[in-house]
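First comes the structure, then the notes that go with it.
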Amino acid sequence: MPEHIKRLRAPDLIEKKKRGEKIVVLTAYDATMARIFDAAGVDCLLVGDSLGNVILGFDTTLPVTLEAMVHHTAAVSRGASRALVVADMPFLSYQVNTEEAVRNAGRLMRDGGAGAVKLEGGRPVLDAVRRMVEIGIPVMGHLGLLPQSVHQLGGYRRQATRGEDARKLIEDAVALEEAGAFALVLEMIPAEVAGEVTAKLRIPTIGIGAGPFCDGQVLVCYDMLGLSQGFVPSFVKRYADCGEQMRQAVERYAREVREGRFPTPPPQEAKA
Ligand code: KIV
């Protein structure tokens, strides 16, 4: 890493909230994109288990393994110089018991080079969060729509829309902060609920489909760059149409190869 670049760490995001600075988070899955996003000034690169959908072609995040997460986290860590790299803990890597959760989080830090891990849920994961924080592993929480629970939730739906559910979510958010989480992703919940959580917590909230009152925002990079195929959530803003640009570039390449225009023929040698 160049010496003049200061790597952001978990406490820096809390400092940003204190200063009222918005936090920019984007998912990344490989070194090339990590390098580009880092150079663009993204504060935090989340190696999301959404890689199951956008990179590996699965319907859900459930088939993503710890090995896949370590592999992609290591690539992102190699590409990033300044951004904090947060690795998602995949399904079944932290839910079975605290000991396994800590060991798996440790692998994402030791072998993946992550600066923090993220896991989904509230009360059921508090013991794991406490233990990780106790031994020096920064943890980002994740409430609202929990993609790893899609089968139980009945689909990718907005959460905490009823008063009782919103109250539970706010209690979970406070409990995660008390357990030592340094930040909290809020996914697909009403903006007012996200605003209430944000006002209550000392740690920053990072919204995705949760309105403008969060301390930061995260998007799946393939969605905002126009690379995702099929369903894209309605809250996503598309900042580029890279998929279409790539298709056109590849079509031009194919045409030029077929027509013998690439590579360009060498200049005719001058006849003596
Ligand atoms: O896996 C992921 O990309 C995520 C974000 C949607 C927050 O968890």
Just one of Val193, Val185 is within 16 Å of the ligand (Cβ to nearest atom), buried (at least 23 other Cβ atoms within 10 Å of the Cβ) and not polar (S, T, N, Q); which is it? Val185
Identify, by number, the condition in (1) surrounded by fewer than 21 Cβ atoms within 10 Å (Cβ to Cβ); (2) away from the ligand (no atom under 14 Å from the Cβ); (3) of a type in the set (A, V, I, L, M, F, W, C) that Leu146 doesn't meet. (2)
Taking strands (runs of 3 or more DSSP E) that fall entirely within segment 24-140, which contain at least 1 residues that are away from the ligand (no atom under 12 Å from the Cβ) and not basic (Lys, Arg)? 84-88, 116-118
Only one of these is more than 16 Å from Gln217 (Cα to Cα), touching a helix residue (DSSP H, G or I) at 6+ places or on another chain (Cβ under 6 Å) and free of Cβ contacts under 8 Å to residues at least 40 places away in the same chain: Leu56, Leu51, Leu92. Name it. Leu51
Go through segment 197-226 residue by residue and tally those that are more than 14 Å from the ligand (Cβ to nearest atom), open to solvent by less than 20 Å² (accessible area, probe 1.4 Å) and not in a loop (DSSP other than H, G, I, E, B). 2
Ala39 touching a Leu at 6+ places or on another chain (Cβ under 8 Å) and of a type in the set (Gly, Ala, Ser): no
Looking only at segment 51-58, decide whether some residue is β-branched (Val, Ile, Thr), open to solvent by less than 20 Å² (accessible area, probe 1.4 Å) and on the phi < 0 side of the Ramachandran plot. no
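The values are calculated or read from the model by the stated rules, or taken from the named source; none is laboratory data. Worth saying up front: this structure is predicted, and the values here are computed from it rather than measured. Glycine gets a Cβ as well: all are built from the backbone with ideal geometry, and neighbour counts include every protein chain shown. Keep in mind that these areas ignore ligands, DNA and RNA; they rest on the heavy atoms of the full protein, side chains included. Shrake-Rupley method; radii C 1.70, N 1.55, O 1.52, S 1.80 Å.
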